[in-house]
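Below: one structure, written as structure tokens.
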Amino acid sequence: MFAFITRRLLLLPVILIGVTLLIFLMTQLVGPSVRVSIYITNPNVFKGGQGAIQKLEHKYGLDKPIWVQYANWLDRLVHGNLGWSASARMPVAQALGKYLPATAELALYTIWPVVFLGIWMGFISGVHQDQWIDQVTRIIAITGWSLPIFVLGLVLLMVFYGLFGWFPPGRLSLWASQIVNSASFHNYTGLHTIDAILNGNWRILLDALRHLVLPVLTLSYASWALILRIMRSSMLETLRQDYVTTARAKGLPEKVVLKKHARRNALIPVATISGLMVVGLLGGTVLTETIFDIHGLGRFAAQAAVQFDLPAILGFALFYGFIMVFANLIVDVSYGLIDPRVRFE
Amino acid sequence: MKKKKIRSRTVHKLLTNPLSFIGIVLISFFIVIAVIAPWITKPEYANRYIIPRDGYSSTPQPPSVSHPLGTTEGQYDIFYGIVWGTRTAFRIGLLVVAGIVLIGVTLGAIAGYYGGIVDEIIMRLTDIFLTFPFLVAAMVMVVLLGRGLNHVMIALVVFGWMGYARMIRGDVLAIKEIDYVAAARALGASDLRIIFRHVLPNAIYPVFVMSTMDIGSMVLTAAALSFLGLGSQVGYADWGQMISFARNWILGTDANPFAYWYTVIYPGLAIVLFVLGWNLVGDAFRDILDPRMRGSR
């Protein structure tokens, strides 16, 4: 176990260097006069025109060899300097901090239905293989992968906002955001639902939840279908193991065999994949937040991309990349804890 | 002889399983649409992928005789866009998947066959490419390359190959220890010959399954990038872009909340059915080809 975690930790810097190097090499696709925008911390320096840009290229060492450039850039990253975001009109690092709570809130409420419903339905379809319930979940799962997030989101808005008016886009209604932005309301976390509870304001809580229903549904549908299928096949594989036959042969009730013997073991691969899947949801936030007008990281990135706000989009990618790296680490280590066999490898 | 048997049994099962049969029907339908596109529409421009416009008003027009599926924002004909968008979808799906299979299988085979430091480097490279959410990575790449359909395809290839590399590596590791590969090596076969003649043919079925499903998911991601405004030029027949045209019109009017339903539903249906077709076939493929699942039904 110790060796396993040590190897994993030793690899961490390699991966982090690799991730930053990949992003850095990708920026080489554009010329130095464009790349210089990554280094700017104050938009006014651009006002000097072409001559000023050349001076900046020299100042930030863009005429030096590529490895020197990489080292310089890395040094700035380590110091939290990600450049100036033209689309958000603030430093990229500050913008990431500002938009993080909305995305964190969306992710928080998406993860639970995905993992628990997925595992539960997958268990049921595995036990009832090829019966009608299995066929139904199979169809739901396959349509889940085939349904683009942006089509699902728009259709949901059309019906539940356009027709019924139940679930509006955005994060809060106008009256609620006025309260949230007022001095009497303390924003502890930036997650409106949690802040509302901490402030004891139930109307705000209800309003925030009302705005979360559609985006959560949209974002979770595809991932939920995937976990369901993985749980199902893991269940099928476990049910064919000898120890399950043994458990049945010694006369244990079927309920105990399924829940105690089979399900616990079937959960092992699902646990790893759920961890990664949940992180994989991050990609979907770009589309979901754009459709539902949630001012989070994903929408910030989408707007930055369209407006060619290079520092913002790179900062965003690095941020998501780093979250993924650390999430992978946690998943791997906890996998070692759940499944004793991994420790002896 | 044995191979032929496997093949004919696979085809038989694909045609008798109701779900995969629907998938095959859907894919065939889109192939027909793509082939007959010039005969069922009237192209107006030299570049036939540019959708003809009927005026410049922004408000969509409902289906009529001259526009069977209506027009979307900017008076682009929806029927024309869907028909020619089918060709765009096939081009994206087939080219991107060909690219990622080629890169992934090559790297995976090299890593698995040679092992050691080569394996370590290739697999760490795979990890690094897998670090970014696919859509995010592709987005960054397209921003750096500049918007456009070809750049979208390049971005999807650059960040799409890792699954194949991992899978093929694992298969090659398992297969190269089997006796017949050792026998081939003892007979003096070269590395390349062993990889291509003896190892890869035995590891190729899972690639088949994965690539079938990837055709759908690549079209989906390309459409997502177009939806965000990073895809093809404005007016190009492309399903994702047609959905982004529809974005401002999902609310309809006070009297009729669904007044502009056709702007979302038709292009949306095109994407869903196209991707669904490939997923249904891929899902059935997996059940048929995965030997571990064979005894279970």
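A short reminder: the numbers here are calculations on the coordinates, not readings from a lab. Source: prediction; values computed, not measured. For neighbour counting, all protein chains shown are included, and Cβ atoms are generated from backbone atoms with ideal geometry for every residue, glycine included.
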field: Pairs of lysine residues in chain A - Cα separation under 17 Å, sequence separation of 8 or more or cross-chain
entry: 5
- request: Could you tell me how many degrees, from 0 to 90 and to the nearest 10, lie between the Cα long axis of helix A:92-112 and the main elongation axis, the longest principal axis, of the Cα atoms of chain A?
  value: 10
- prompt: Relative contact order of segment B:179-291: what whole-number percent is it, with Cα pairs under 8 angstrom and at least 6 residues apart?
  reply: 28
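Placing +1 at every Lys and Arg Cβ and -1 at every Asp and Glu Cβ, with all other atoms neutral, what dipole size does chain A have around its Cα centre, in debye to the nearest 20? Before the final figure, lay out each step's value.
Numbers: 27 positive and 17 negative charges, 96 e Å.
In total the dipole reaches around 460 debye.
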field: Angle in degrees between helix B:149-158 and the longest Cα principal axis of chain B, rounded to the nearest 10
entry: 30
- prompt: Between segment B:126-145 and segment B:240-274, what is the C-alpha centre distance in whole Å?
  reply: 29
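Taking chain A, how much of its Cα-Cα pair set, in percent, is spaced more than 35 angstrom apart? Don't skip to the answer; put the middle values down first.
Values: 23330 of 59340 pairs.
For chain A, the share of Cα pairs beyond 35 Å comes to 39 percent.
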message: Compute a Gaussian network model of chain A, connecting alpha carbons closer than 10 Å, and tell me which residue from A:331, A:155, A:78 fluctuates the most.
response: A:78
message: Under a Cβ-only charge scheme (Lys and Arg +1, Asp and Glu -1), can you give me the dipole magnitude of the protein assembly as shown about the Cα centre, in debye to the nearest 20?
response: 1520
query: So what's the net charge close to residue A:61: Lys and Arg +1, Asp and Glu -1, counting the other residues with Cβ under 15 Å from its Cβ?
result: +2
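So what's the back-of-envelope 222 nm ellipticity for chain B, counting only DSSP H runs of four-plus at -39500 (n - 2.57) apiece and dividing by all residues, rounded to 500?
Numbers: 12 runs with 200 residues, N = 297.
Here the helix-only value at 222 nm equals -22500 deg cm²/dmol.
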message: Compute the angle between helix A:263-292 and the longest alpha-carbon principal axis of chain A, please, reported from 0 to 90 degrees and rounded to the nearest 10.
response: 40
query: Summing +1 for each Lys or Arg and -1 for each Asp or Glu, what net charge is found among the other residues whose Cβ lies under 12 Å from the Cβ of residue A:225?
result: +2
field: aspartates and glutamates with Cα under 20 Å of residue B:13, excluding same-chain neighbours fewer than 8 positions away
entry: A:130, A:134, B:283, B:287, B:290
- prompt: Over chain B, what is the relative contact order in whole percent, taking alpha-carbon pairs under 8 Å and six or more residues apart?
  reply: 26
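Taking the Cβ of residue A:293 as the center, what net charge do the other residues with Cβ under 13 Å away carry, scoring Lys and Arg +1 and Asp and Glu -1? Numbers along the way, then the final one.
Values: positive: A:171, A:299, B:247; negative: A:289.
With Lys, Arg at +1 and Asp, Glu at -1, the net is +2.
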query: Which of these, A:138, A:263, A:89, has the largest mean-square fluctuation under a Gaussian network model of chain A (Cα springs below 10 Å)?
result: A:89
statement: With Cα springs under 10 Å, the Gaussian network model of chain B assigns the largest mean-square fluctuation among B:18, B:60, B:201 to B:201
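Based solely on its DSSP helices, what 222 nm [θ] is calculated for chain A when runs of n ≥ 4 H residues each add -39,500 (n - 2.57) and the sum is averaged over all residues, nearest 500 deg cm²/dmol? The partial results should precede the final answer.
Numbers: 16 runs with 242 residues, N = 345.
Rounded to the nearest 500, the figure is -23000 deg cm²/dmol.
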message: Along the charge dipole of chain B, pointing to its positive end and built from +1/-1 on Cβ of Lys, Arg, Asp and Glu, which listed residue (B:34, B:152, B:79) has its Cα farthest out?
response: B:34
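At a threshold of 8 angstrom on Cα-Cα distance, excluding pairs fewer than six apart, so keeping six or more, what relative contact order does segment A:284-325 reach in percent?
Numbers: 28 pairs, mean separation 11.0, N = 42.
Reported as a whole number, the value is 26 percent.
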